[in-house]
Amino acid sequence: MYFLQTTTSGVSTVLFLGTLGMVVLTVSLIVFIIFHQRKVLRYQSRLQHMEQEQQKILLNASIKLQEEERQRLAADLHDDAGPLLATARLYLNENLVNQDKATQLQSIFQARQIIDDTIQLVRNISHSLMPPTLKNFGLESAINDLFQKISGSGTINASSRFHEYKDRLKGEKELIIFRIVQELINNILKHSSASFIHLTQNVHADKFYLRIHHDGRGIIQSDFDKLNKSNVGLGLKNISSRLRVVHGNINFEKDISQTYYKVTIELPKDEPYQ
Amino acid sequence: MEKSKVIEKLFKHIVIYSYLILPIFYFIFGNKKRDAKILAIYGLVFCLLLFFYYDIPVEYDRYYQTLYTFLEYSFFTCLFYFNISNKTYRKVMLYLSFCFVTFQIIFLLLFDSNRLDSVPVGVESILVFVYIFLFFLEEMKYSRTTYIYHHHCFWISVGLLFYLGGSFFINILADSFTNEEFQKYWYLNYIADTIKTFLFATSFLFIGKKSNARSTSTVPYLDMI
């Protein structure tokens, strides 16, 4: 090279080696940045793909659950309300005017009874869709109400305690938490054979906590994650989806004493309910 | 005329007129973004500065060099200042720029330089290296959906790395060379300068293209009832 052939002094060597070093460093830096970024982008794209898959599973679970709910509603209306109303109609047929007064009164009384039953049935359906206690009195009352009803059945001892819930969460957040609790309780009742369920609530450092304890068969976090990624466990996927909406977390664990399971829900506390 | 003189003249003209590629690209691409304007003005200003360099009397050479270094530093810093969004980094850049200008003034008033204002040029190079590093650091910190070479500032950074890297030692050692040696090795600066200008011109292809789009996650509709 021209520079090498003519270099005589030490300064020239320093210049040549220094410049060469700088250029090599520059090229190395650029190559490193490009390769590093490509690696990061590939990793991100893989993560994004996995997240999309997960969301697809969650969406399918939500749709399936929605369809199941609709089917349940349709069945309730068709199998219970339909026959009741048809029976009431039978009592109130055209021949009623031709019958004697006592029979007329008897028929009207029977029809009224049936209509009352139908009203109760519709109310129950309506309550199952949106508990009025939750809407009117908040999460604490709704959960206490739910636990009292469960305990009232006599098969399981259910209790709940709210330690700090003076400032209610927003309505939509309360509904989501209530649905999650309902789903968890439903799972415990269905699968765990527990003899007690206890729920506690507390607030700590801008976080809202709910913890459910039960002494039956339960799952731990790894089971939950596994079920969440599989095609089974629609209810758990629904819990995950709902928690995403409120930016919350859920943790399934077994107590250190190994005697009961704990499910902890954690979500950011928002402004007080207006 | 000596062969080496002819080559030197040729290199000099390539360097001077290559700067014009920046305003030309500005008009060709019709890109009215801030960085495109900065690059176009930079090209025009430096083309004129180099063109009239040999007409400047020797007694004003020091002032010319100080102005040259100051303008170069200002243009490079501007480009990075507007492309770095981290407020702390930007504050650091402002603070360092203030220090640099103060240092340049002190150096001009108190010290004498023979050929080049080597020390301010060295400091300028180090500072611009720091800004390039901050830019890359910020780019690597955030998750982008496009490759870094789709960002126009990447090409500016690469150009500057080559330019500053290639001319760093010759600027620093300028006063240690004999006239002959200096003339001989000054080609390095010309080469680095030309590479930088062409890489700056490449950045015009990417100015205005969105590279900051970050991935967003969607949550499916869940409230069934």
Per residue, how many Å² of accessible area does chain A show with a 1.4 Å probe?
60
As straight-line cross-link partners of residue A:56, the qualifying lysines (C-alpha separation under 25 Å, not fewer than 8 residues apart within one chain) are A:64, A:173, A:226, A:229, A:237
Shape parameters for the stretch A:189-231, alpha-carbon atoms, Rg then Dmax in Å
13.4, 36
What the 5 Å binned alpha carbon P(r) of the stretch B:2-208 shows, as percent of pairs per bin from 0, is 1, 7, 14, 18, 21, 17, 11, 6, 3, 1, 0, 0
Calculate the FRET efficiency for residue A:36 and residue A:170 from the Cβ-Cβ distance with a Förster distance of 45 Å, rounded to the nearest 0.05.
0.60
Across chain B, how many lysine pairs separated by 8 or more positions, or lying on different chains, have Cα atoms within less than 13 Å?
7
How big is the Kirkwood radius of the stretch A:34-88, worked out from every pair of different alpha carbons and given in Å to one decimal?
14.8
For q values of 0.09, 0.13 Å⁻¹, compute log₁₀ I(q)/I(0) with the Debye formula on a Cα-only model of chain A, without solvent.
-0.64, -0.99
Could you size up the charge dipole of the protein assembly as shown around its Cα centre, putting +1 on the beta carbon of Lys and Arg and -1 on that of Asp and Glu, and report it in debye to the nearest 20?
560
Quickly work out the residue A:128-to-residue A:244 label distance, labels modelled 7 Å from Cα along the C-beta direction, and quote it in nm with one decimal.
2.8
Mind checking which helices in chain B clear 15 Å along their axis (Cα) and have mean Kyte-Doolittle hydropathy of 1.6 or more, DSSP H runs only?
B:34-51
Using the Cα atoms of the stretch A:163-208, I'd like the radius of gyration and the largest Cα-Cα distance, Dmax, both in angstrom.
12.9, 35
Pick out which of A:155, A:103, A:26 has the largest mean-square fluctuation in a Gaussian network model of chain A, springs linking Cα atoms closer than 10 Å.
A:26
Note on chain A: contact order normalised by length, alpha-carbon pairs under 8 Å, 6 or more apart, percent, works out to 15
Over the stretch B:2-208, what is the relative contact order in percent, taking alpha-carbon pairs closer than 8 angstrom and at least six residues apart?
30
Of all trypsin sites (Lys or Arg not before Pro) in the stretch B:1-66, which ones are in loop regions per DSSP and have a Cβ with at most 13 other Cβ atoms within 10 Å?
B:32
Alpha carbon convex hull of the stretch A:39-195, projected area averaged over orientations, nm²
15.8
Which ³J(HN,Hα) values in Hz, rounded to whole numbers, follow from the phi angles of the stretch A:146-163 under the Karplus curve 6.51 cos²θ - 1.76 cosθ + 1.60, where θ = phi - 60° and Gly and Pro get x?
4, 5, 5, 5, 5, 5, x, 5, x, 8, 9, 8, 10, 9, 9, 9, 9, 7
Considering only C-alpha atoms, what is the centroid distance from the stretch B:121-189 to the stretch A:222-274, in Å?
52
Output needed: percent of Cα pairs per 10 Å distance bin for the stretch A:92-145, bins running from 0 to the one holding the longest distance.
22, 29, 18, 16, 13, 2
Cα gyration tensor shape of the stretch A:203-259, rounded if a/c is under 1.5, else prolate or oblate by comparing a/b with b/c
oblate
In degrees, nearest 10, range 0 to 90: what is the angle between the Cα axis of helix A:234-245 and the longest Cα principal axis of chain A?
60
Can you tell me the FRET efficiency between residue A:203 and residue A:109 if r is taken as the Cβ-Cβ distance and R0 is 51 Å, rounded to the nearest 0.05?
0.40
Trypsin sites (Lys or Arg not before Pro) within the stretch A:136-201: DSSP coil, no more than 14 neighbouring Cβ in 10 Å
A:166, A:170
Taking only protein heavy atoms and a 1.4 Å probe, the highest-to-lowest accessible-area order of B:85, A:128, B:157 is B:85, A:128, B:157
The protein assembly as shown: Cα Rg divided by the 2.2 N^0.38 Å rule of thumb
1.66
Expressed as a whole number, the average count of other chain Cβ atoms within 10 Å around the Cβ atoms of A:12-20 is 5
Counting only protein heavy atoms and rolling a 1.4 Å probe, how much accessible area do B and A lose on contact, total for both sides, in Å² to 100?
3600
Against the longest principal axis of chain A, how steep is helix A:82-91, in degrees 0 to 90 to the nearest 10, with axes from Cα atoms?
20
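The values are calculated or read from the model by the stated rules, or taken from the named source; none is laboratory data. Bear in mind the structure is a predicted one, so any value in this text is a computation, not a measurement. A quick note on method: Cβ atoms are made from the backbone with ideal geometry, for glycine too, and the neighbour counts reach across all protein chains shown. These area figures cover heavy atoms from the full protein model, side chains too; ligands, DNA and RNA do not enter into them. Shrake-Rupley method; radii C 1.70, N 1.55, O 1.52, S 1.80 Å.
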